[in-house]
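The values are calculated or read from the model by the stated rules, or taken from the named source; none is laboratory data. Computed from a predicted model, the values in this text were never measured in an experiment. Using ideal geometry, Cβ is built from the backbone for each residue, glycine included, and neighbour counts are taken over all protein chains shown.
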Amino acid sequence: MLKYVLKRVGMALLTLLIITFLLFVLVRIMPGNPFPSERMSDEQIANKRAEMGLDDPILVQFGRYMAGVLQGDFGKGTSLYYGAPIKTVLSTAISNSFRIGGIAILVGTLAGLALGITAALNRGRFMDGFCTVFSILGVCVPSYVFLIFLQYNFAFRIPFFPYFFDPNRFLFSTVMPSLSLSLFTMSTIARFTRNEMVEVFDSDYVRLAESKGLYGRKLVLRHVLRNALIPIVTVLAPLVVDLLTGALVVEKIYGINGIGKLMVDAIAGEGIDYNYVLALGILYSTLYIGVMLLVDLLYGVLDPRIRVSAKAEEG
Amino acid sequence: MKKLTAVLLTAMLLLGCLSVPAVAEDAAYLGVMLGTNVMSLDTNLATDGDSFEVIADCIDGLTQMDADGAAVPALAESYDLSEDGLTYTFHLRDAQWSNGTPVTANDFVFAWRRIAKEAGEYAYMLDEIGNIKGAAEIISGAETDLTTLAVNAADDKTLVVELNVPVSFFPSLMYFPTFYPINEAFYSSLEDGTYGTSPETFLSNGAFVLEDYTPGTATLAVKKNENYWDADRVKLPGIRYQVVGSSDNALTAFRTGALDVVSISGNQVSAAENDPALAQNLTVTGAGYMWYLSFSQTEKNANGGQLANNNLRLAITNAIDREYLVDNYVMDGSLATYTAVPPQFASSSTTGADFSADQDMFKEFVDYDPEKAAAYLETAKSELGADEFTFTMIYGNNEGDEVAKVAQAIKEDVEASLPGVTINLQPMTKAERLDKMQNDNYDIALTRWGPDYADPMTYLGMWITNNSNNYGFWSNAEYDQLIADCTTGAYITDYDARWEAMYKAEALVLQEAVIAPLYTKSQANLITTGVEGIAFHPVALNRVYKDTVK
């Protein structure tokens, strides 16, 4: 097992390096200028480029950049938050996006599972229909529309929650964005849980378990849900990354300084901020690869057959 | 399911109880909307209006703006100008930084040397505009000895600045944040790159001190500086800034009372005008910058340089209905503009008259007159020997809600009045638009320029041969000579003659349709009843709160 894990981690790191290099090259061929200026002379811009080492061969630049990154130095912004180290800006954005996204994932997954299980257990009855309608609504209504609805009702008409995100009242101002972001996850998970469970309920091994006298919680949790969880984990993984990396529109409407907004500012702001785009790209990729790695390992826990095949691979 | 709902509801309630609602003193603070995040509080690095506003809340320069935008003393109690107009001696008043150390002449020397060394966006205020001796050499990188910059501290309270040529508006440059002081000892005590990134790493000497700020956050707060040299003047206990991304959100935030001062645009302006509860709160102020069309006149573009034809450019210039444009698409009180220098920001220091008050002055060249436009086009057609023209017009898709509509309207106007001319629209980010213009890779661009200082030269200076903002690559020896005379030559000591020469220069720009002026942007603001005394300016500092009461 350990060898399997190590191999996976190694692959993940290599993928990350390749992605970073591609990003490094791509961002440099994008149209636009890292020093957006209407007032600097060509000479000044040339000096700035030289200072940043942009005229060196690309591999030299990349080597220097990676050496910095390994020491936790992502450089400084060229068109965003000039002068301030990227680390400072990024850490605030990460903590905001992670906390809001994290709560959204937690609420969305738990509520989605509960809804899905309820629907599956009440197949064909009212709760099932309710769950289906709710899921469709949840998938169709964009989270920011729901946020505007919440903002209008619970911050404007009944001024209970703050109208904008207030970092000094973090918990309080997290409720509305988290809730709106959790809607999509909730619906997706509910739908998948219901369908998978219904399928598993119809499978031979559950019928066999039932005929052997298993019923109730034990049957549902150990045999049905556990087997239904594998596809759910697969859909959940990209959702987790999406939510953690911030939801641009929700961030913009609620005034949250999160990662999504930062990425857009870095690309479509006054100029193209090479260092921010790269730092965020590395963050996105790390998260995505990390979550995928986790999912692979989780499969092993959930499904013994995968563990066996991993062993076979080792042997 | 019931259980789950109950658990969730309880959790939400608990969450509600955990956080204490609104900080008590908050209500007395002025809630102000910012359009974008504050990019930097480092005076030497900041480049955007929002950053400048917050910096000016916290730091005073040698001079400050009065309600009309004229330069009046701030940290400099007075100044002397040598007879040849080349040496300014500023006498500083007793003022202190928020860490208790006195503000000295050396704080200016340190900051100005740093601007020249960093050579960023606004370094040009030092050499090209301010004409400070020694600045150009350091900024270009030719000179590395910073002491060659002719800015010196004669003693703690006396700052001496030497210029290459007399600059009549030099005192009014001094209220621009780039020229604000930085305390050297404090700056040097900080880790590299951390200056101005938190209340702890920032020093104030102005009306407010920084209370709450992290780079990248959508909120920022400043509170009254009790040790400000003019503290009695400041009535507000503090200002709470909030970045709001969209105009409709700004309107709702204003309605909830979450913010006292917001900017709105487009449909929200007419919504506010038609809402009796809001109409009284609506104030339109000049935002300064002018939108115009830039034409590339090189052979590289426009099908081998068709736009080098003066009549073709004049045809387009006269085919655009600017009044309709501002009334129906921009909709925030912006002014249709027929001059190369927009109104509202530069007035004569002898007569006090706005340089561009008379918008009919150049109607001969810039107008909405489809017949005249068609006639110009006919001449252009025979001169160029072509009947059909197709041009691409680039514009930014992240430069404001109205820009795409304006671009579309221009296309429709031109194609309706000028048969045979087709304009293809090409939206892109502002960064890409600038990149294309700087590399001369466009036909027509919808672009803008905001005044950096209160003199017509902030616009006219752009069209001289080889200026980096002369994106059309227009060149005219007579024009170059006129501008040289106004900036470094014959007219610099004769104020009225200079003023007249600038009109002559402006006439040349418009006669040759170097640009097609479109409109001068206004800002529609909603201000809570009872809030008074916000000074709005189209140049340098857009909003100043020193006299504001709430």
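Answer with yes or no whether residue B:218 is hydrophobic (A, V, I, L, M, F, W, C) and in the same structural domain as residue B:33 (by TED's automatic domain parsing). Here the answer is yes, as residue B:218 does meet what is asked. Residue B:398 meets all of the listed conditions (1) among the polar types (S, T, N, Q); (2) exposed (fewer than 14 other Cβ atoms within 10 Å of the Cβ); (3) within 14 Å of chain A (Cβ to nearest Cβ) but one, namely (2).
Within segment B:121-141, the set of residues being among the aliphatic types (A, V, I, L, M) and at the interface with chain A (Cβ under 9 Å from one of its Cβ atoms) comprises B:123, B:125, B:139.
Here is a yes/no grid of residues against (1) surrounded by fewer than 22 Cβ atoms within 10 Å (Cβ to Cβ); (2) within 30 Å of residue B:208 (Cβ to Cβ); (3) of a type in the set (Asp, Glu):
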position	(1), (2), (3)
B:493	yes, no, no
B:497	yes, no, no
B:533	yes, yes, no
B:538	no, yes, no
B:547	yes, yes, yes
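Highlighted here are the helices (runs of 4 or more DSSP H) found entirely within segment A:169-284 that include at least 2 residues which are within 14 Å of chain B (Cβ to nearest Cβ), under 23 Å from the mean Cα position of the chain (by Cα) and crowded, with 24+ Cβ neighbours inside 10 Å: A:170-201, A:248-254, A:259-268.
Note on segment B:467-481: among residues that are closer than 17 Å to residue B:308 by Cβ and assigned to a helix (DSSP H, G or I), the one that is farthest from the other protein chains (Cβ to nearest Cβ) is B:477. Scanning segment A:7-21 for residues that are aliphatic (A, V, I, L, M) and either out of contact with any helix residue (DSSP H, G or I) (no Cβ under 9 Å at 6 or more places or on another chain) or not assigned by TED's automatic domain parsing to the domain that holds residue A:47 (or both) yields A:14, A:18.
The single condition among (1) surrounded by fewer than 24 Cβ atoms within 10 Å (Cβ to Cβ); (2) of a type outside the set (Gly, Ala, Ser); (3) within 14 Å of another protein chain (Cβ to nearest Cβ) that residue B:44 does not meet is (1). Applying the set (1) more than 14 Å from chain A (Cβ to nearest Cβ); (2) farther than 30 Å from residue B:494 by Cα; (3) under 29 Å from the mean Cα position of the chain (by Cα) to residue B:118 leaves exactly one unmet item: (1).
Within segment A:150-168, the residues that satisfy the criterion of being of a type in the set (A, V, I, L, M, F, W, C) and either within 8 Å of chain B (Cβ to nearest Cβ) or outside any helix (DSSP H, G or I) (or both) are A:155, A:156, A:158, A:160, A:161, A:164, A:165. When residue A:53 is tested against the conditions (1) surrounded by fewer than 21 Cβ atoms within 10 Å (Cβ to Cβ); (2) part of a helix (DSSP H, G or I), the lone failure is (2). Which of the residues spanning segment B:363-391 are assigned to a strand (DSSP E or B) and either more than 17 Å from residue B:309 (Cβ to Cβ) or not hydroxyl-bearing (Ser, Thr, Tyr) (or both)? Residues satisfying the conditions are B:389, B:391.
Just one of the numbered conditions (1) within 14 Å of another protein chain (Cβ to nearest Cβ); (2) farther than 30 Å from residue A:90 by Cβ; (3) buried (at least 24 other Cβ atoms within 10 Å of the Cβ) is not true of residue B:264: (1).
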